[in-house]
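These notes are about the structure you will find just below.
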Amino acid sequence: TDVVVANGIASNLVSIGSNDYTVDITPDANGDVTVSVPASAVQDGAGNNSNASNIETTLFNANAVDLVLSNVPAFVANTDPYTVTMTFSESVIGLTAADIQVTNGTPLNLVAISADVYTIDITPDGSGDIALFVPAASATDTAGLDVNLEASASTIYNISAPVVDVLGAPAIVSNA
């Protein structure tokens, strides 16, 4: 009860030495969680009351950021760029084109449509199927939490023209 917690609950106070203690803090809701010990909460061996502690603040955000990729074509047959949309579950910061990994292509023109929707152009290099990968922690939300899930998508690169065979035509036709 001598540990004051705002937006949380203190439990499991354990002495780890004559002057040191640990305590578990369980946040109540998203937002700042503060922990302090008020003046006169403890006394030393001579009976002197303690001074008030500093206040430690931790931001608690239980809403990890998720990412969904859309507008990824299943097939492409040329090296023309296509635009992929990246939709985050909340506003993010820190995303750069360098964070986006592309096999057999190049990511260009990262555009923030809003704080939670971005687009990027993918230009195939013509050497095979295109793999797009956005790693977890490529961006953070405004509270500093990393993107929770990595996201990936693939596009088949096929420039081979289909072959058409006409079969079953008779060798001779005698009527029209």
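Just so you know, in the range 46-70 the residues that are open to solvent by 50 Å² or more (accessible area, probe 1.4 Å) and free of Cβ contacts under 8 Å to residues at least 24 places away in the same chain include one that is nearest to residue 149 (Cα to Cα), and it is 56.
Taken as a whole, the condition of being without any contact (Cβ under 8 Å) to a residue 12 or more places away in the chain and either within 25 Å of the chain's Cα centre (by Cα) or open to solvent by less than 70 Å² (accessible area, probe 1.4 Å) (or both) does not apply to residue 33. Taking residue 133, is it closer than 16 Å to residue 65 by Cβ and touching a residue at least 24 places away in the same chain (Cβ under 8 Å)? Spelling it out, it is not the case that residue 133 is closer than 16 Å to residue 65 by Cβ and touching a residue at least 24 places away in the same chain (Cβ under 8 Å). For residue 84, the requirement of being among the β-branched types (Val, Ile, Thr), more than 30 Å from residue 32 (Cβ to Cβ) and open to solvent by less than 30 Å² (accessible area, probe 1.4 Å) is met. Taken over the range 120-169, residues that are within 17 Å of the chain's Cα centre (by Cα), polar (S, T, N, Q) and surrounded by 15 or more Cβ atoms within 10 Å (Cβ to Cβ) amount to 3. Selection of first residues in the range 143-170 that are closer than 22 Å to residue 69 by Cα and β-branched (Val, Ile, Thr) and of second residues that are surrounded by fewer than 12 Cβ atoms within 10 Å (Cβ to Cβ) and at pLDDT below 80, restricted to Cβ pairs under 9 Å at least 6 apart or on distinct chains, gives an empty result.
The values are calculated or read from the model by the stated rules, or taken from the named source; none is laboratory data. These figures come from a predicted structure and were not determined experimentally. Please note: Cβ atoms are built from the backbone with ideal geometry, for glycine as well, and neighbour counts cover all protein chains shown. Note: areas computed on protein heavy atoms with side chains; ligands, DNA, RNA excluded. Shrake-Rupley method; radii C 1.70, N 1.55, O 1.52, S 1.80 Å.
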